[in-house]
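Chemist: Following this message is one structure expressed as structure tokens.
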Amino acid sequence: GKSSDSILATVAAAAKLSRDWTFLGRNTYSLLKNKAQDAAQSAGENDQNRFQAGFAYRDTETDVWNALARVEHQSQSDTTSKEFTLKRSVELISLHANWQPRRPFTFSGRIAAKWANENSNGIASKNNAQLIAGRAIWEFASRWDASINVSTLHGNGGKSNYYGTGVELGFMVMENLWLSAGYNFFGYTDKDLTAGEYTNKGAFVRMRYKFDEDLFASKSNKDEIAKSAKP
């Protein structure tokens, strides 16, 4: 561009270790360089990197249990502003699990922790936090479900504690595509641990879609895959 150049690079890998276990890994790197064509613009860089690796488990025999264990590293360095410089790194670990004992009911849980180091404008700080969250889903009709979620966030060795509780109503617009609306009676936010969930207090709307490796396969291919999956 006239004022800046940027680079975005992504790489991902998946390896099926057994019928139930899969290794997943990916990395995203982004670099933006300002050209500083005038005195008002800083010739700095915004450098970001995000690496994730983990193991996914799926109970292919009964489909009762699904789980994902993941580690993540994030780093960012931003000198594009003359007024503010940012240098931050975060390490995260998390465990996600779904349990469906019977068809109408699904229970999901998540345990996560982070360790953040920041050195912005010459001020160094460290922060750690732990998250525990659970959700119970009831499919009370062929295209409808209702859920309740509870969670808690503890930071800085238990010195700061936050809690969240909410309800949600979902409608299946088409196969595997759900549109949901909900309300959190109280909540909190953390950009590292709650990026994929709405945990603030108040109303929200979200869309969710479930898919697998058969998404773009033809019906005949899906039938062949289903036959080969049988023991």
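Chemist: Which residues, taken from the stretch 19-54, are of a type in the set (S, T, N, Q) and either touching a Pro at 6+ places or on another chain (Cβ under 8 Å) or modelled with pLDDT of 95 or more (or both)?
Modeler: Thr22, Asn27, Thr28, Ser30, Gln48, Asn49, Gln52
Chemist: From the set of residues in the stretch 201-215 that are of a type in the set (Asp, Glu) and exposed (fewer than 11 other Cβ atoms within 10 Å of the Cβ), which is modelled with the lowest pLDDT?
Modeler: Glu213
Chemist: Please go through the stretch 2-18 and give me each residue that is small (Gly, Ala, Ser) and either assigned to a strand (DSSP E or B) or at positive phi (or both), ordered by number.
Modeler: Answer for the stretch 2-18, where residues must be small (Gly, Ala, Ser) and either assigned to a strand (DSSP E or B) or at positive phi (or both): Ser4, Ser6, Ala9, Ala12, Ala13, Ala14, Ala15.
Chemist: May I ask you to say which residue of Ser160, Ser218 is at pLDDT below 95, surrounded by fewer than 12 Cβ atoms within 10 Å (Cβ to Cβ) and polar (S, T, N, Q)?
Modeler: Ser218
Chemist: Any residue at all in the stretch 145-157 that is assigned to a loop (DSSP other than H, G, I, E, B), more than 20 Å from the chain's Cα centre (by Cα) and surrounded by 13 or more Cβ atoms within 10 Å (Cβ to Cβ)?
Modeler: No: zero hits.
Chemist: Moving on. Please enumerate the residues belonging to the stretch 55-90 that are under 14 Å from the mean Cα position of the chain (by Cα), closer than 19 Å to Ser30 by Cβ and touching a residue at least 24 places away in the same chain (Cβ under 8 Å).
Modeler: Once the filter is applied, which keeps residues that are under 14 Å from the mean Cα position of the chain (by Cα), closer than 19 Å to Ser30 by Cβ and touching a residue at least 24 places away in the same chain (Cβ under 8 Å), the stretch 55-90 yields His73, Gln74.
Chemist: Taking the criterion of being modelled with pLDDT of 95 or more, touching a strand residue (DSSP E or B) at 6+ places or on another chain (Cβ under 9 Å) and assigned to a strand (DSSP E or B), would at least one residue in the stretch 184-200 satisfy it?
Modeler: Scanning the stretch 184-200, I find at least one residue that is modelled with pLDDT of 95 or more, touching a strand residue (DSSP E or B) at 6+ places or on another chain (Cβ under 9 Å) and assigned to a strand (DSSP E or B), so the answer is yes.
Chemist: Now a separate question. Do we find that Arg135 is among the basic types (Lys, Arg), loosely packed, with under 12 Cβ neighbours inside 10 Å, in a strand (DSSP E or B) and touching a residue at least 24 places away in the same chain (Cβ under 8 Å) in this structure?
Modeler: No: the conditions fail for Arg135.
Chemist: So, in the stretch 1-27, of the ones that are of a type in the set (A, V, I, L, M, F, W, C) and open to solvent by 100 Å² or more (accessible area, probe 1.4 Å), which residue ends up nearest to Thr62 (Cα to Cα)?
Modeler: The residue in question is Trp21.
The values are calculated or read from the model by the stated rules, or taken from the named source; none is laboratory data. Please read these numbers as outputs of a predicted model, since none were measured by experiment. Reconstructed Cβ throughout: ideal geometry from the backbone, glycine too, with neighbour counts over all protein chains shown. Surface accessibility is based on the protein's heavy atoms, side chains included, excluding ligands, DNA and RNA. Shrake-Rupley method; radii C 1.70, N 1.55, O 1.52, S 1.80 Å.
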